[in-house]
1. Quick check: is even one residue across the stretch 61-70 surrounded by 12 or more Cβ atoms within 10 Å (Cβ to Cβ), assigned to a helix (DSSP H, G or I) and at pLDDT 85 or above?
2. Quick check on this structure: which one of Tyr139, Tyr135, Tyr159 is aromatic (Phe, Trp, Tyr), outside any loop (DSSP other than H, G, I, E, B) and in contact (Cβ under 8 Å) with a residue 24 or more places away in the chain?
3. Need the failing condition index for Ser130 against (1) outside any helix (DSSP H, G or I); (2) surrounded by 13 or more Cβ atoms within 10 Å (Cβ to Cβ); (3) not β-branched (Val, Ile, Thr), just the number.
4. Give the residues of the stretch 197-209 that are touching a strand residue (DSSP E or B) at 6+ places or on another chain (Cβ under 9 Å) and part of a loop (DSSP other than H, G, I, E, B), sorted by residue number.
5. Hey, which of the strands (runs of 3 or more DSSP E) in the stretch 210-287, taking only ones fully inside, have at least 1 residues that are touching a His at 6+ places or on another chain (Cβ under 9 Å) and at pLDDT 80 or above?
6. Scanning the stretch 106-126 for residues that are touching a residue at least 24 places away in the same chain (Cβ under 8 Å) and among the aliphatic types (A, V, I, L, M), which turns out surrounded by the fewest Cβ atoms within 10 Å (Cβ to Cβ)?
7. Does at least one position in the stretch 79-95 carry a residue that is at pLDDT 95 or above and either over 29 Å from Ser14 (Cα atoms) or charged (D, E, K, R) (or both)?
8. Against the definition (assigned to a strand (DSSP E or B) and touching a strand residue (DSSP E or B) at 6+ places or on another chain (Cβ under 9 Å)), how does Glu17 come out, yes or no?
Amino acid sequence: MKIITNEEGEFKISDNEIFILLLPPETKNPTEIFIKEDSIKKVEEQNPKFFKFLLKERASKRLKDKSFLKGYEKYSIKKDFEIKAEKNDCLLFAERVSLSNPKFEESASVFSVKSGKTDKKFGVSDKANSQILNYIKQYITKKYPKHNVEVNPNIGDAYAMLPSEIPIDKGTCPYHAASVIFKDGNTNITIEADAGIKTDKPIFDMYSYTQHKYSFYASHMKTYLQHKFDEQTKKIKFNLPTTLLLKNTFKEKAKIKPNIKPNIKPEIKPIRRSSRLSVVEVEPEEEPEPELELPAETDKKFKTKKKKQRKKKKTAKKWFSRFRGR
């Protein structure tokens, strides 16, 4: 990364000259970014979800042939990500950028900071942020003195800078956060909201994580530098801020599908009827002839007659069996 000055103004240029920012005083705020024409497709592939919120301002053909910006296209952010007054919250804006969701309003924290063996959510409260800060100062910056200037977020992650002592519950934003949207070599491209800047649009910026003078820490350190005056020694003691790496660890809640049965007409099954109700053609049975009821006297004579006939048959069988063997 480098900064150059010419007759057109002062510019920040990324490592491979894919991105260029025009700096004040030629522009009030860098709310536009220039992207090299032959690299636009590669830039889009880095972060396609967010790239769709960029708006091409003009073609490079309209620039003068000798212009330093010849061969670059100018982009600004669409109205979806515009910021206004009370909504100019750097952390909320960083969360929306990292999620590529300009309407994100949930209370859940998007970013986490590695604190020991666990990840702690950032932005829950000033007290929770102070605990994260104390861990980084005691166990990271003491062991790695270059930590502050070499923080390197991935695309979708973010930088954050906190003062040495966070003013707890003062109703102010005691830190600055910025999400990384693109990369070029060792240069990180960000887009940021800043409550100290009166504009309806966020600003683009770029930081190096290998060149300390162009690091995120060097750019914002003066704003968050704290000091105390010691009455005894009559000396001023400076307390340096700390840079954090905010990891995007947000997980969307699973959408519960309503238990709606498909609109399918139920199959109509025939009603099971009792067999006695079934209609079956059956041939009618022949009715037996009714027995004649005889008077009691006639019936007695009939029985006596039958008895005599059986007796005669029995006598005939005995007679026949007697002479049969001869």
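1. no
2. The unique qualifying residue is Tyr159.
3. Among (1) outside any helix (DSSP H, G or I); (2) surrounded by 13 or more Cβ atoms within 10 Å (Cβ to Cβ); (3) not β-branched (Val, Ile, Thr), Ser130 violates only (1).
4. Across the stretch 197-209, the qualifying residues are Ile197, Lys201, Pro202, Tyr209.
5. In the stretch 210-287, the matching strands (runs of 3 or more DSSP E) lie at 235-239, 242-248.
6. Ala108
7. yes
8. Answer is no for this residue.
The values are calculated or read from the model by the stated rules, or taken from the named source; none is laboratory data. Since this is a predicted model, take the numbers as computed values, not measurements. All Cβ positions, glycine included, derive from the backbone under ideal geometry; neighbour counts span all protein chains shown.
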